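J.: One structure, as structure tokens, below. Some questions next.
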Amino acid sequence: MKAITSTQNTYIKNLLKLQEKARERKKQGLFLIEGKREISLAIRGNYSFETVLYNPDFVSEEEILHLFNENINRIEVSKEVYQKLAYRDATEGIIAVAKTKDFSLKNIQFKNDTPLILVAEAPEKPGNIGALLRTADAANIDAVIIANPKTDLYNANIIRSSVGCLFTNQIGTGTSEEIIDFLTSHKIPLYATTLQNSNEYHKEDYTKSTAIVVGTEATGLTEVWREKAKQNINIPMQGQIDSMNVSVAAAIVLFEAKRQRNFN
């Protein structure tokens, strides 16, 4: 087993690149996961791992082997090295180097004939993306599809704000046109959350195959989604503003769909 004590180590410098730069994650096909819960969820999500780094002041080798089998490449690092790599203030002492997954639409598989899907068009803020993934996990939906993504999904902020739900959801990405074609080919109608020409969300039937589409808080959904939707839907506002946080809006509609499906 190796040990690294210097922050100037070449391997540590490369891990910092993975932490900070989306292009490096894409180029190398690797990213970092920090924390026991997040790593555990990635294991359940069938992610592959290259290396585990840990600081023995916070986590033992026995705890590492409880998560992984003994063949996992383990590197003991000093507290200084660990703190250099760690993204969060709270210290758990463990960081895993994992292999990225292909989020192509062709890899999405539905386990039933009436899938419930969340589509998010061009979400940009990592916090919002993380919250959408948490909502999707809470509702136990079939897939989350990101249209025209503006942020790398392996961004550390997304992993943190999703509390590991990046790994618990089936995820796909593509252009709006690609996603619409994909959903159409699977005979999955769209319900677009928008104020234009819309019906109140609770008046629609979501018991059959359904894709709920949400846009950004700043600009909402683009015209292509509104035109291709089976029905545009809105959440009636009873206060002074006409919109709410995108993850909150998604949660309201998704859980109405789950209610109609008797939470199945």
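J.: Pop out the Kirkwood hydrodynamic radius of region 123-264 from its pairwise C-alpha distances, inverse of mean 1/r, in Å to one decimal.
T.: Details: mean 1/r = 0.0650 Å⁻¹.
Computed over Cα pairs of region 123-264, the Kirkwood hydrodynamic radius comes out at 15.4 Å.
J.: How large is the Kirkwood hydrodynamic radius of region 71-171, counting all unique pairs of alpha carbons, in Å? List each step's numbers first, then the result.
T.: Numbers: mean 1/r = 0.0654 Å⁻¹.
Its Kirkwood hydrodynamic radius stands at 15.3 Å.
J.: On the principal axes of its Cα set, how long, how wide and how thick is the chain? Give whole Å, largest value first.
T.: The Cα atoms of the chain stretch 62, 37, 32 Å along the principal axes, largest first.
J.: Can you list which of the trypsin sites (Lys or Arg not before Pro) found in region 1-107 are DSSP loop residues with at most 14 other C-beta atoms within 10 Å? Kindly include the intermediate steps, with their values, before the conclusion.
T.: Values: sites: K2, K13, K17, K21, R23, R25, K26, K27, K36, R37, R44, R74, K79, K84, R88, K99, K101, K106; in loops: K21, R88, K101.
In loop regions of region 1-107 (DSSP not H, G, I, E or B), the sparsely surrounded trypsin sites (Lys or Arg not before Pro) are K21, R88.
J.: Where the only charges are on Cβ atoms (+1 Lys, Arg; -1 Asp, Glu), what is the dipole of the chain about its Cα centre, to the nearest 20 debye? Don't skip to the answer; put the middle values down first.
T.: Numbers: 32 positive and 32 negative charges, 66 e Å.
For this selection, approximately 320 debye.
J.: With 17 Å as the cut-off, how large is the P(r) tail for region 170-247, expressed as percent of Cα-Cα pairs? Walk me through the numbers on the way to the answer.
T.: On the way: 1403 of 3003 pairs.
Considering region 170-247, 47 percent of its Cα-Cα pairs are separated by more than 17 Å.
J.: Return the single residue from T210, T219, T168 with maximal mean-square fluctuation; model: Gaussian network over the chain, springs between Cα atoms under 10 Å.
T.: With Cα springs under 10 Å in the chain, the top fluctuation among T210, T219, T168 is at T219.
J.: Right, something else. If I fit a long axis through the Cα atoms of helix 126-139 and take the longest principal axis of the Cα atoms of the chain, what angle between them do I get, 0 to 90°, rounded to 10?
T.: 70
J.: If we restrict to alpha carbons, what Rg and Dmax does region 1-121 come to, in Å?
T.: Using the Cα atoms of region 1-121, the pair Rg, Dmax is 16.3, 54 Å.
J.: Output ³J(HN,Hα) for region 10-25: one whole-Hz value per residue in order, computed from phi by the Karplus curve 6.51 cos²θ - 1.76 cosθ + 1.60 with θ = phi - 60°, and x for Gly and Pro.
T.: 4, 5, 5, 4, 5, 5, 5, 4, 4, 5, 9, 10, 4, 5, 6, 4
J.: Return the equivalent ellipsoid semi-axes of region 97-153 as a descending list in whole Å, where each equals the square root of 5 times an eigenvalue of the C-alpha gyration tensor.
T.: Working: eigenvalues 73, 45, 28 Å².
Its equivalent ellipsoid spans semi-axes of 19, 15, 12 Å.
J.: Got a sec? Charge dipole of the chain, +1 on Cβ for Lys and Arg, -1 for Asp and Glu; which of Q238, F103, H202 is way out at the positive end?
T.: Value: F103.
J.: Relative to the present Cα-Cα distance, how much length would full extension add between N46 and Q8 at 0.36 nm per residue of separation? Could the numbers behind the result be given before it?
T.: Working: separation 38, 0.36 × 38 = 13.68 nm, distance 3.21 nm.
Between N46 and Q8, full extension yields 10.5 nm more.
J.: Please compute the contact order of the chain in relative form: average sequence separation of alpha-carbon pairs under 8 Å and at least six residues apart, divided by the residue count, as a percent.
T.: Numbers: 463 pairs, mean separation 49.6, N = 264.
It comes to 19 percent, rounded to a whole number.
J.: To the nearest 500 deg cm²/dmol, what mean residue ellipticity at 222 nm is calculated for the chain from DSSP H runs of n ≥ 4 alone, each contributing -39,500 (n - 2.57), summed and divided by the residues? Please report the intermediate quantities before stating the final value.
T.: Details: 10 runs with 92 residues, N = 264.
Helices in the chain give a 222 nm mean residue ellipticity of -10000 deg cm²/dmol.
J.: What range in the chain is the longest one free of chymotrypsin sites (Phe, Trp or Tyr not before Pro) that are in a loop by DSSP and have at most 13 other Cβ atoms within 10 angstrom? Mind dumping the intermediate values first?
T.: On the way: sites that count: F58, F263.
My reading of the result: 59-262 is the longest stretch.
J.: For L30, list long-range residues whose amide hydrogen, built 1.01 Å from N in the peptide plane, is under 5 Å from its own amide hydrogen.
T.: So L30 has HN proximity to T100.
J.: Test of understanding: given the chain, find the longest segment containing no GluC sites (Glu not before Pro) that are in a DSSP loop and have at most 14 other Cβ atoms within 10 Å.
T.: Values: sites that count: E70, E124.
Maximal segment without exposed cleavage sites: 125-264.
J.: OK, next. Does anyone have the angle between helix 246-260 and the longest principal axis of the chain? Alpha-carbon axes, 0 to 90°, nearest 10?
T.: Around 70 degrees separate the two axes.
J.: Same structure again: Leaving out ligands, DNA and RNA but keeping every protein chain, what accessible area does S104 have, in Å² rounded to the nearest 10, with a 1.4 Å probe?
T.: 40
J.: Could you tell me the calculated FRET efficiency between D152 and K208, based on Cβ-Cβ distance and R0 = 45 angstrom, to the nearest 0.05?
T.: Numbers: r = 34 Å, r/R0 = 0.75.
Computed FRET efficiency for D152 and K208 comes out at 0.85.
The values are calculated or read from the model by the stated rules, or taken from the named source; none is laboratory data. These numbers come from a predicted model, not from an experiment. Ideal geometry is used to build each Cβ from the backbone, glycine not excepted, and the neighbour counts take in all protein chains shown. Areas reflect the complete protein model, heavy atoms only, side chains present, ligands, DNA and RNA absent. Shrake-Rupley method; radii C 1.70, N 1.55, O 1.52, S 1.80 Å.
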